[in-house]
């Protein structure tokens with residue numbers, strides 16, 4: 001079907017947008033990409049922080065008291081493992097796997113709760129990152145569970 005103005009012929013060999021089988025505009029495709037990119041970014045940052053904490057980097061201070069783990073080295077291993085799981089989840093989201101959707105929702109939800117504890121320290125950054133987490137959760141809940149099989 002021609003989409004040109006009346007009297008203007010179609011260019012030969014150029015298909016119309018509705019004739020292309022995988023035309024952009026699939027509902028939720030942008031949300032899935034956004035959620036995957038944000039989860040991949042969080043995974044990369046957590047891996048870097050984990051390596052820095054394990055290597056006793058001067059970026060972190062070892063003077064704090066921790067509730068869950070006793071030392072900075074344990075926190076480093078925790079963040080390294082979580083970061084690797086987040087990277088796997090990002091690639092799982094892009095391939096349509098259920099692991100990525102479930103772990104992405106869990107990870108973004110936990111991060112949103114943790115960010116609420118940091119509002120006193122940096123309110124603007126905490127609220128902006130909180131909004132990003134909520135958008136990731138929305139994208140994964142609304143569009144992450146749909147079967148995204150490619151038509152052959």
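Here are 85, 110: which of them is touching a residue at least 12 places away in the same chain (Cβ under 8 Å) and over 21 Å from residue 30 (Cβ atoms)? Please lay out each step first, then the result.
Working: 110 fails: touching a residue at least 12 places away in the same chain (Cβ under 8 Å).
Just one listed residue meets the conditions, 85.
Have a look at 136, 132 and point out the one that is out of contact with any strand residue (DSSP E or B) (no Cβ under 8 Å at 6 or more places or on another chain) and either modelled with pLDDT under 85 or surrounded by 20 or more Cβ atoms within 10 Å (Cβ to Cβ) (or both).
On the way: 132 fails: either modelled with pLDDT under 85 or surrounded by 20 or more Cβ atoms within 10 Å (Cβ to Cβ) (or both).
One residue alone meets the criteria, 136.
Answer with yes or no whether residue 129 is touching a residue at least 12 places away in the same chain (Cβ under 8 Å), more than 17 Å from residue 37 (Cβ to Cβ) and part of a helix (DSSP H, G or I).
Details: touching a residue at least 12 places away in the same chain (Cβ under 8 Å): yes; more than 17 Å from residue 37 (Cβ to Cβ): no; part of a helix (DSSP H, G or I): yes.
Considered against the rule, which asks whether it is touching a residue at least 12 places away in the same chain (Cβ under 8 Å), more than 17 Å from residue 37 (Cβ to Cβ) and part of a helix (DSSP H, G or I), residue 129 comes out as no.
Please work out if residue 91 is more than 17 Å from the chain's Cα centre (by Cα), surrounded by fewer than 17 Cβ atoms within 10 Å (Cβ to Cβ) and modelled with pLDDT of 80 or more. If you could, list the steps in order and put the result at the bottom.
On the way: more than 17 Å from the chain's Cα centre (by Cα): no; surrounded by fewer than 17 Cβ atoms within 10 Å (Cβ to Cβ): yes; modelled with pLDDT of 80 or more: yes.
Spelling it out, it is not the case that residue 91 is more than 17 Å from the chain's Cα centre (by Cα), surrounded by fewer than 17 Cβ atoms within 10 Å (Cβ to Cβ) and modelled with pLDDT of 80 or more.
Is it fair to say residue 49 is part of a helix (DSSP H, G or I), within 25 Å of residue 105 (Cα to Cα), at pLDDT below 85 and under 21 Å from the mean Cα position of the chain (by Cα)?
On the way: part of a helix (DSSP H, G or I): yes; within 25 Å of residue 105 (Cα to Cα): yes; at pLDDT below 85: yes; under 21 Å from the mean Cα position of the chain (by Cα): yes.
Yes; evaluated as a whole, the condition is true for this residue.
Is it true that some residue in segment 56-69 is at pLDDT below 90 and assigned to a helix (DSSP H, G or I)? I'd like the intermediate steps shown before the answer.
As a first pass, look at segment 56-69 and keep what is at pLDDT below 90: 56-69.
Subset that is assigned to a helix (DSSP H, G or I): none.
No, every residue in segment 56-69 fails to be at pLDDT below 90 and assigned to a helix (DSSP H, G or I).
The values are calculated or read from the model by the stated rules, or taken from the named source; none is laboratory data. Worth saying up front: this structure is predicted, and the values here are computed from it rather than measured. Positions of Cβ are generated from backbone atoms using ideal geometry, with glycine treated the same way; all protein chains shown enter the neighbour counts.
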